[in-house]
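In what follows, a structure is listed as structure tokens, so that the remarks can point back to it.
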Amino acid sequence: MGKLISGKAVSTSLRAEIREKALALREDCGIQPGLAVILVGNDPASQIYVRNKQKACEELGFHAFEYKLSENYTQEQLLDLIGVLNKDNKVHGILVQLPLPDHIDEQTVIHTISPEKDVDAFHPINVGKIMIGDYDFLPCTPAGVMELIDSTGVSIDGKYCVVVGRSNIVGKPMAMLLLHRNATVTICHSHTKNLAEICASADILVSAVGKADFITANMVKEGAIVIDVGMNHDENGKLCGDVDFADVEPKTSFITPVPGGVGPMTITMLMKNTLHAAELKRPK
Ligand code: NDP
């Protein structure tokens with residue numbers, strides 16, 4: 001029977017640490033970590049994410065700068081706003097909630113955020129730094145997964161890890177973080193042949209596909225750690241991951257649930273990055 005990895009518990013203890021460090025930074029040199037959150041349009045899921053980020057700021061004693069902009073806000077206006085925030089000393093992190101409306105080019109926006117304030121770690125400079133293993137900002141979801149694996153007490157060194165999914169925000173940086181910790185890593189995607197066999201040889205299996213019940217027991221090695229990044233909805237509209245939990249759980253040593261696994265970690269890692277951005281401004 002797999003032991004549940006509680007993202008809630010890991011996240012709660014990390015948040016307590018972040019809160020304490022934020023308070024110390026404020027007491028030491030008057031710097032309050034500040035996060036600007038920009039939402040363009042009315043996407044309901046994005047509104048929830050933005051609200052949760054604001055709540056996290058309140059909880060941790062950060063300053064939240066909120067920009068809820070209309071669907072018709074132009075790309076030029078958005079780039080101008082980012083330019084202003086790039087120069088604002090009270091703002092240490094800038095987050096533009098994705099996806100953006102069709103008339104705004106995501107990559108242009110990401111390139112405009114100052115790499116020093118890019119707390120999502122999406123700017124090519126930060127992506128490159130993650131690649132070489134010398135980075136200021138952690139890629140939030142993969143970094144959250146690393147915390148969850150570490151919370152099991154199992155060493156990643158020398159393990160065979162399989163990451164299913166190769167997106168720029170999850171799969172690729174996930175593989176890099178595991179590689180930096182001396183795992184042997186295979187990345188799988190929709191063109192991968194023998195996917196089930198590859199997954200079934202993993203000591204640590206991370207699924208970031210976006211399809212409910214995608215990972216079944218025949219794809220999992222006895223005693224594996226299984227991390228489910230997926231956020232999907234089942235036929236009843238209930239939140240679920242990529243892993244067929246009831247089928248897979250008995251074979252695992254540790255497994256993350258959905259909800260309550262990777263989900264709570266992503267915002268916590270964003271807060272950690274914002275704190276780090278603020279700490280970089282500490283007078284030497
Ligand atoms: P993308 O859609 O960008 O990537 C999905 C990946 O899965 C692609 O690389 C795709 O391969 C691969 N894939 C799709 N079908 C198959 C298949 N049949 N066999 C093998 N691989 C397949 O998604 P994201 O990376 O952005 O997100 C993945 C999941 O994680 C989603 O459910 C998302 O909601 C969730 N998520 C959760 C977060 C959290 O905080 N918990 C944060 C971010 C994402 P190919 O490249 O070949 O198309």
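The values are calculated or read from the model by the stated rules, or taken from the named source; none is laboratory data. These numbers were taken from a predicted model, which means no experiment stands behind them. Quick reminder, even Gly has a Cβ in these numbers, built from the backbone with ideal geometry, and neighbours come from all protein chains shown. SASA here: full protein model, heavy atoms, side chains in, ligands and nucleic acids out. Shrake-Rupley method; radii C 1.70, N 1.55, O 1.52, S 1.80 Å.
Please enumerate the residues belonging to the range 101-112 that are open to solvent by less than 30 Å² (accessible area, probe 1.4 Å) and either modelled with pLDDT under 95 or more than 18 Å from the chain's Cα centre (by Cα) (or both). The answer is Pro101, Ile104, Val109. If the condition is being in a loop (DSSP other than H, G, I, E, B), more than 25 Å from Ala45 (Cβ to Cβ) and open to solvent by 20 Å² or more (accessible area, probe 1.4 Å), then the range 58-100 contributes Gly61, Asp88, Asn89, Lys90.
A single entry from Thr184, Thr192, Thr152 fulfils the requirement of being within 24 Å of Ala224 (Cβ to Cβ), open to solvent by 20 Å² or more (accessible area, probe 1.4 Å), within 16 Å of the ligand (Cβ to nearest atom) and of a type outside the set (Phe, Trp, Tyr): Thr192.
Criterion applied to Leu178, Leu205, Leu138 was being open to solvent by less than 60 Å² (accessible area, probe 1.4 Å) and either near the ligand (Cβ under 9 Å from one of its atoms) or under 18 Å from Gly2 (Cα atoms) (or both), and the one residue passing it is Leu205.
If you go through the range 249-266 and pick out every residue that is among the β-branched types (Val, Ile, Thr), within 30 Å of Ser114 (Cβ to Cβ) and open to solvent by 30 Å² or more (accessible area, probe 1.4 Å), you end up with 1. In the set Ala246, Ala212, Ala217, only one residue is surrounded by fewer than 23 Cβ atoms within 10 Å (Cβ to Cβ) and either within 11 Å of the ligand (Cβ to nearest atom) or on the phi > 0 side of the Ramachandran plot (or both); that residue is Ala212.
Considering only residues of the range 226-243 that are open to solvent by 40 Å² or more (accessible area, probe 1.4 Å) and not polar (S, T, N, Q), which is nearest to the ligand (Cβ to nearest atom)? Ranking the qualifying residues of the range 226-243, first place goes to Met231. For the range 155-168, filtered to residues that are among the hydrophobic types (A, V, I, L, M, F, W, C) and more than 24 Å from Thr12 (Cβ to Cβ), the residue that is nearest to the ligand (Cβ to nearest atom) is Val164.
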